[in-house]
Amino acid sequence: MKKLGLLSFAACMAVSSMMAANIELASDLKISGDAEVRGISVKGDTDTVKKDKQIFDSEVNVNLDFKTTGDIKVHTAIKLQNDAWGDNSNDTFTWDEAYVTVPFNTNKLLIAGRINDTYGTPFYGSNGDKIDLALLGYTPIENTLLYAFDFKAVEGKNQDQNTFLGANSSGAGTGDFDAFGLGGQVTLDKLLVGGRYVYLQNNTETALNSGIYNDATSHMFNAFAMGEVANLDLQAQIEKRIGDRSNSSAGQVDEKMFGAYLKVAKQISDLNIGFATVATKDGYVSGENLPVTYLTNADLGTDSLDRVGKYGDTQIAALNLAYDLTKELTLESNIALHNIKDATFSSINKDLKITEYDAGIAYQLNKSAELSLRYALGSFDEASLEDMHTVVGAVKIDF
């Protein structure tokens, strides 16, 4: 069952009207992006199976941005991936983002399309998850944004619905869920502070004897702060989710999900010192590429542990160090402790601790190209698991 909210309807009307007219483009087309080739070696117990493999992969991201003469901004992002050289079945082409930003009445705007949601949380529904969104924004005073939005959180088939939204292998969940929300943010000097409320509605039709309840709903409350304060780089987020969800064995049960994230860093001459911590509870699954450790961030490693919180209540604490040895050469070092309660990692069902040791080197070949080599050791306290060794060598070009 699909629902079309008022904001979606307004967005469709605005986009349809714009496309029906003769659009005159301003001559400001900007093409940007990046390309990366990586050599990857993984050995030991990863997120699902024991691995001992070495591969090459590559990825190209292309962004196209332009404006019409009415100051309507159009953004698209294309992703081309080859997950393993020599295996053409892994090649993918994705229209990653495509949305328009339409300003009107001086202090209002409409955003419509597929977008990387950055409105407040690294947990499910944003920060790496692409969503189909219609957002109406209002700036009553300078540096303040209020907004309401409607997005299709998940679209899928009834028989494919997952008990935990976002916890399947694709990280997107299945079923049929709509989300509606209100939010706001304000810029205080160099610090952005805000929050939002999201109502998640399950539209899935109940199948006979399926244990799926179409009246299951969720309420998500989120607050965040990011930017610079007292000469510290800060990222702080907290989110609480209440309501109910369906469970095939227990029926409809209460939700008590919780997620929190904090990262603080300070630049002292050529040394950057940072501390990061994350906590998830009662099934909360974080967004992808969470910037805590190499094993939780695909940009720095292979995120071999997959999404934080997927295997049970999780707490991670990490110390991050980076030292600019020269203008071109940076040395990196991280140490982290993972605590997973009642982990289902690699078919075990007990509390699990992972100590992570990271080391890396990055060399700036020129202003747009970087060569890097990074190593991560995931050491398990469980004797039946083989310690994880990950090595990633990469060259990345920004354009």
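Some observations on this one:
- Flag for LEU300 being within 26 Å of LEU232 (Cβ to Cβ), over 14 Å from the mean Cα position of the chain (by Cα), open to solvent by 50 Å² or more (accessible area, probe 1.4 Å) and at pLDDT 90 or above: no
- Within the stretch 104-127, considering residues that are part of a loop (DSSP other than H, G, I, E, B) and touching a strand residue (DSSP E or B) at 6+ places or on another chain (Cβ under 7 Å), the one modelled with the highest pLDDT: ASN107
For (1) at pLDDT below 90; (2) within 17 Å of the chain's Cα centre (by Cα); (3) surrounded by 19 or more Cβ atoms within 10 Å (Cβ to Cβ); (4) part of a strand (DSSP E or B), each residue gets a yes or a no:
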| site | (1), (2), (3), (4) |
| --- | --- |
| ILE212 | yes, no, yes, no |
| MET220 | yes, yes, yes, yes |
| GLU228 | no, no, no, yes |
| GLN237 | yes, yes, yes, yes |
| ARG241 | yes, no, yes, yes |
| SER246 | yes, no, yes, yes |
| VAL264 | no, no, no, yes |
| ASN272 | no, no, no, yes |
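- Of everything in the stretch 303-314 that is closer than 16 Å to ALA336 by Cα and modelled with pLDDT of 80 or more, the residue that is surrounded by the fewest Cβ atoms within 10 Å (Cβ to Cβ) is THR314.
- Against the test of being hydrophobic (A, V, I, L, M, F, W, C) and over 28 Å from PHE56 (Cα atoms), the options ILE354, ILE361, ILE340 yield a single qualifying residue, ILE340.
- Verdict on THR92 being over 30 Å from SER379 (Cα atoms), buried (at least 16 other Cβ atoms within 10 Å of the Cβ) and not aromatic (Phe, Trp, Tyr): no
The values are calculated or read from the model by the stated rules, or taken from the named source; none is laboratory data. These numbers were taken from a predicted model, which means no experiment stands behind them. Cβ coordinates were reconstructed from backbone atoms using ideal geometry, including for glycine residues, and neighbour counts include every protein chain displayed. Note: areas computed on protein heavy atoms with side chains; ligands, DNA, RNA excluded. Shrake-Rupley method; radii C 1.70, N 1.55, O 1.52, S 1.80 Å.
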